[in-house]
Amino acid sequence: MSFSLRGQFLVAMPDMQDERFAHTVVYICSHSEEDGAMGLVVNKLMPDLHFADLMAQFDIKIEEDDAPENSAYDQPIVVGGPVETSRGFVLHTADFVTPENSVNISGELCLSTTMDVLKSIADGHGPSHALLALGYCGWEPGQLENEIFDNGWLTTPASTDLIFTTPMDKRYTQALKNAGIDIAFLSSTAGHA
């Protein structure tokens, strides 16, 4: 494999058979021939769990007066995927980085998995935008490529606007629109050249 989908979106085709991925947009955080791929669903809300609830579970006090409007404090928590669903991930803008705990995915986005980013968000000193996810999506080497070849996924350039500011219920159709595709004309039976 001479390419990587790191920093790209996977958009589930309309007839995705796996209910866990139906109508999802996945941001690919890592992808290599040796290790497979890892990503986070960015458009599937975690039912009945909000940032304040999560902070209360960790006994982290939220400085509400310091939380700027449209901050990560306001962001919902998403179901990042079906693997390790109790494990938390924070996909965030690169204006907040802890060198030992943040992985730069693209020039604009980083991934952090430690409590320091949550504490920084809670005290109003975290990244300007963040998406909190529980769980992740994982593919063995070659598995994702096969799913794409079998028309399970469409790949498109990622957009920070879609991840952080597009309303959750509009992210799937917006990802298709960003790729120049109208869902009404999308066929899952495309051939291969």
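The values are calculated or read from the model by the stated rules, or taken from the named source; none is laboratory data. Being a predicted model, the structure only gives us computed values, none of them experimental. Cβ: placed from backbone, ideal geometry, glycine included. Neighbour counts: every protein chain shown. Accessible surface is based on the protein model in full, side chains and every heavy atom, while ligands, DNA and RNA are left aside. Shrake-Rupley method; radii C 1.70, N 1.55, O 1.52, S 1.80 Å.
Given a 1.4 Å probe and the protein chains as shown, H125 ends up with an accessible area of around 130 Å². Contact order for region 31-175, expressed relative to its length and based on alpha carbon pairs under 8 Å spaced 6+ residues apart, stands at 33 percent. From the P(r) of region 100-174, can you give the percent of Cα pairs sitting at distances over 15 Å? Roughly 70 percent, rounded to a whole number. For the chain, a Gaussian network of Cα nodes joined below 10 Å ranks K119, K170, K44 by mean-square fluctuation, and the top entry is K170. Residues in region 93-103 carry Karplus couplings, in order, of 5, 7, 7, 9, 9, 10, x, 7, 10, 10, 10 Hz; the curve used is 6.51 cos²θ - 1.76 cosθ + 1.60 with θ = phi - 60°, and Gly or Pro positions show x. Which percent of the accessible area of the chain is formed by carbon and sulfur heavy atoms (probe 1.4 angstrom)? Reported share for carbon and sulfur atoms: 50 percent. Fully extending the segment from I62 to D18 would add 12.1 nm, taking 0.36 nm per residue of separation and subtracting the current Cα-Cα distance.
Between V78, V97, V41, the residue with the greatest mean-square fluctuation in the GNM of the chain (Cα pairs under 10 Å linked by springs) is V97.
Label reach from T114 (point 7 Å along Cα→C-beta): in region 78-98, amide nitrogens under 13 Å belong to 97-98. Between E145, E34, E84, the GNM of the chain built on Cα springs shorter than 10 angstrom shows E34 fluctuating the most.
Where only protein heavy atoms count, and the probe is 1.4 Å, what is the accessible area per residue for the chain in Å²?
For the chain, the solvent-accessible area averages 52 Å² per residue.
In nm², what is the average projected area of the convex hull enclosing the Cα atoms of the chain?
On the way: hull surface 45.5 nm².
The Cα convex hull of the chain, projected and averaged over all directions, gives 11.4 nm².
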